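Encoded as structure tokens, the structure appears first; notes follow it.
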Amino acid sequence: MYPYRWSYLAPVAILIACGRVGYEPRPPQPADASTLDAAHDDAASTACPAGFGDCNANPADGCESSLSSLDHCGRCGNACSVAHTLTACTAGRCEALGCEAGFGNCDGDPVNGCERPLNTSTSCGGCDVPCVPARASGSCNSGICEITACDSGYGDCDGLTGNGCETALDSLLHCGACGSSCLLPHTSTSCDASSCSITGCDSGFDDCDGDQSNGCEAALDTLAHCGGCDQPCDLAHASETCAGGSCQVSSCSPGFGDCDAVPSNGCEMPLNTLTDCGACTQRCDLSNADASCASGSCRIMSCNPGFGDCDADQSNGCEASLDHPRHCGGCGVSCDDGDPCTTDSCASGTCTYADSGQCSCPGSCSGGNCGTCAPACSCNQSCRGSCSSLCSAGATCGLVVSDSNRSSQTCRTTASCELRCSNSNNCEQLCEDGSSCELICSNSGCVQDCQGAARCLSRCSNASCQLLCPGGATSCGGGITVCNRPCP
């Protein structure tokens, strides 16, 4: 029933969101005289106590209304209410406490209260605070400016709305999107039009899987990628290594060698051939033999006719001629019969014997000849190049001629006799060491008697002569010793 007057509002500053001051109400204006008179008349007519009024015009309930309420502030019907404004009526005075959330008194006029919503693009969270983020589209949501989209080629990488979409997305750290790095392993890269591309690989690396995200991932010194993508280092008959992008032989498999020094074909040469036997260029070529290197070692398969491997040394092949008197027809087959009266030889693998001219006439088998075909030595003589006395005076001697043209001297005497002999003499007592030997016969007599091809030998041992028989001597008692025959 009374007109609303701002004169009852105290001059209180209205605080707006984000700490901005919206406005200060204008100071109270003096009311006109007629209005004040009417008010005084009303108060007088109702005669209500201070702070109360008969606002329903019903005398029955008296002065029912407090004049400090928002509906009756200072007087009946004087509402203390302003648009989007928080108010209070204190001691009959209407006071503006502030603006409702999301509104502000942007024009400074207390009459229209907090007239402006603070969630627009021009006033976002405060009066005249625009929501226009740099290089972006924005939206004001509950008074907070938010980025809804960045301009093409930019991104909000720090998450701060105040500087908008601050980051260009064409750098190596932010290529096409925030945090999308274009710094790839072992590469040179560029970011053009927000697209990352590899411009080159570091030396010794390549992009072998075609996946740009992991850069040039493959080292080119591995067995799978040696010097290039999918270029394996796999050599024949070898253990390999890829050094500096070059496939090299580390070692050869047993039985093979890298004989041409060309790494690409590995250990190409088997080492069991006649030209490369056990090692490169080591020939298997044995003297007088058919050789084989099947086992990787040069071995004799067979000897050429007339030759033999008599020293069992594979390295010198079949070194021995089988026409040699020591190897006649076979290794170790000797033609040496120990007979000084013959010259031993080997022809076509067969032993042959020729008269040496030392014991009989050449070409004849007559015994007793001394150096020439005649004359023969007498019974009591021995041949020392010429006939000489065999026994001392008073001794008897008998000459027995054997089948081998060797003479046996039998000395029977009670006196001592001596026989001097040497290798050059045609006598039965031969000294093995080539020196002369003296045979002493005791008073009981001694017999050096041989039968057939056997012969009795005497040798010097400790200045005495000892009887030797190849087949073994037999003592017959009475001082008689025989060789290779029964006792007489």
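Overview of values
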quantity: Spatial separation of Cα centroids for segment 69-135 and segment 149-195, in angstrom; calculated: 44 Å
quantity: Global size of segment 229-310 as Cα Rg and Dmax, reported in angstrom; calculated: 17.3, 64
quantity: Linear extension gain, S139 paired with D313, 0.36 nm per residue minus alpha-carbon span; calculated: 52.3 nm
quantity: Principal axis box of segment 85-145, alpha-carbon based, largest edge first, Å; calculated: 54, 18, 11
quantity: Sorted peptide list for 53-63, 326-336, 110-120, criterion being average Cβ within 10 angstrom, highest first; calculated: 110-120, 326-336, 53-63
quantity: Over segment 109-265: Rg over Rh, Cα atoms, Kirkwood Rh; calculated: 1.46
quantity: Approximate shape of segment 118-203 as ellipsoid semi-axes (Cα gyration tensor, √5λ), whole Å, largest first; calculated: 37, 9, 7
quantity: Nonlocal amide H pairs with C208, under 5 Å, H built at 1.01 Å; calculated: E217, A218
quantity: Surface/4 estimate of mean projected area, convex hull on alpha-carbon atoms of segment 64-105, nm²; calculated: 2.9 nm²
quantity: Amide hydrogen neighbours beyond the local backbone of C226, cut-off 5 Å, H modeled; calculated: Q231, C233
quantity: Volume in Å³ per residue [convex hull over Cα atoms, computed for segment 274-338]; calculated: 65 Å³
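All of the numbers you see were taken from the coordinates with simple rules; none came from a lab. These figures come from a predicted structure and were not determined experimentally. Cβ: placed from backbone, ideal geometry, glycine included. Neighbour counts: every protein chain shown.
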